[in-house]
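Take a look at the structure set out below.
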């Protein structure tokens, strides 16, 4: 057997052996020792992914070693230093040492913090909490969606409106559905037709479409019957409805199907 093959096999064996010893050593450490080990090497780069072992979820580092032992009923990836976890049917958040920052207490949540706020469900109602787990607004809603462009969609009595980051209702619930603001405009549904409103709640494009997507690059895809086209911010068609499927514009181009294949439309504002 050539010498270089023997050397390679030996190196691989040593790496595997060291990894096994390290994993056993880490597993036998106390929680405080684990925390110290993580801190000493920079836990921001250590913990990577939630993984399931048996019926429980934990977290591994980039070498596949558990740094937070499997103990949760569910877990999401870390975002901005926090991960959502489920325990006994309730949801909370942990930090990268595995300690609870917000103990499991919510019936449901939507996965992550956006601009320091997360949506959670408590007693059948939805609200927003800060990173300490405290509700930032007194009012809870039938449903709520993330803040985008400074406003969040909220549902009350079956209708959708918007609140600002102080919790004040700035557009009263009146729509059958409402999508996030983009470029200062939101598409809303009323009486089965889609239109666009500004941040005052005033229609800038009257409801007239069967479906409508957000504005991107100054254009929005809208549907009339079974065909899609693109309008500008005045509601005028710049690309007439002709496609059965569309994508939003990005950098002046939008992918569209053409005779069974895909091509690109060029923005024409």
### Matching residues, region 105-116, being within 17 Å of the chain's Cα centre (by Cα) and closer than 21 Å to residue 74 by Cα
108, 109, 110, 111, 112, 113, 114
### Message
Restricting to region 135-150, count the residues that are in a strand (DSSP E or B) and under 16 Å from the mean Cα position of the chain (by Cα).
### Response
5
### Task
Test residue 201 against the stated conditions and say whether it is within 24 Å of residue 157 (Cα to Cα) and free of Cβ contacts under 8 Å to residues at least 24 places away in the same chain.
no
### Message
For region 108-142, give me each residue that is in contact with a strand residue (DSSP E or B) (Cβ under 8 Å, 6 or more places away or on another chain) and more than 18 Å from residue 154 (Cα to Cα).
### Response
131, 132, 133
### Message
Test of understanding: among 172, 165, 159, 199, which residue is loosely packed, with under 13 Cβ neighbours inside 10 Å, touching a strand residue (DSSP E or B) at 6+ places or on another chain (Cβ under 8 Å) and under 30 Å from residue 141 (Cβ atoms)?
### Response
172
### Task
Give the residues of region 60-80 that are closer than 22 Å to residue 108 by Cβ and either surrounded by 15 or more Cβ atoms within 10 Å (Cβ to Cβ) or at pLDDT 95 or above (or both), sorted by residue number.
71, 72, 73, 74, 75, 76, 78
### Message
Would you confirm, using the coordinates I've provided, whether residue 132 is surrounded by fewer than 15 Cβ atoms within 10 Å (Cβ to Cβ), part of a loop (DSSP other than H, G, I, E, B) and more than 15 Å from the chain's Cα centre (by Cα)?
### Response
yes
### Task
Restrict the check to region 158-169 and report whether at least one residue is without any contact (Cβ under 8 Å) to a residue 40 or more places away in the chain and under 20 Å from residue 84 (Cβ atoms).
no
### Query
Taking only pairs six or more apart or across chains, which ones have beta-carbon atoms under 6 Å, a first residue in region 63-80 that is under 12 Å from residue 52 (Cα atoms), and a second residue that is outside any strand (DSSP E or B)?
68/98; 76/111
### Message
Can you tell me how many residues within region 81-97 are more than 20 Å from the chain's Cα centre (by Cα) and at pLDDT 95 or above?
### Response
3
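Matching residues to (1) in contact with a helix residue (DSSP H, G or I) (Cβ under 9 Å, 6 or more places away or on another chain); (2) under 30 Å from residue 70 (Cα atoms); (3) modelled with pLDDT under 95:
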residue	(1), (2), (3)
109	no, yes, yes
113	no, yes, yes
116	no, yes, yes
157	no, no, no
160	no, no, no
166	no, no, yes
194	no, no, no
### Message
Residues to consider are 88, 123, 56; find the one that is under 23 Å from residue 142 (Cβ atoms) and surrounded by fewer than 16 Cβ atoms within 10 Å (Cβ to Cβ).
### Response
123
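The values are calculated or read from the model by the stated rules, or taken from the named source; none is laboratory data. Please read all numbers here as calculations on a predicted model, not as lab measurements. Ideal geometry is used to build each Cβ from the backbone, glycine not excepted, and the neighbour counts take in all protein chains shown.
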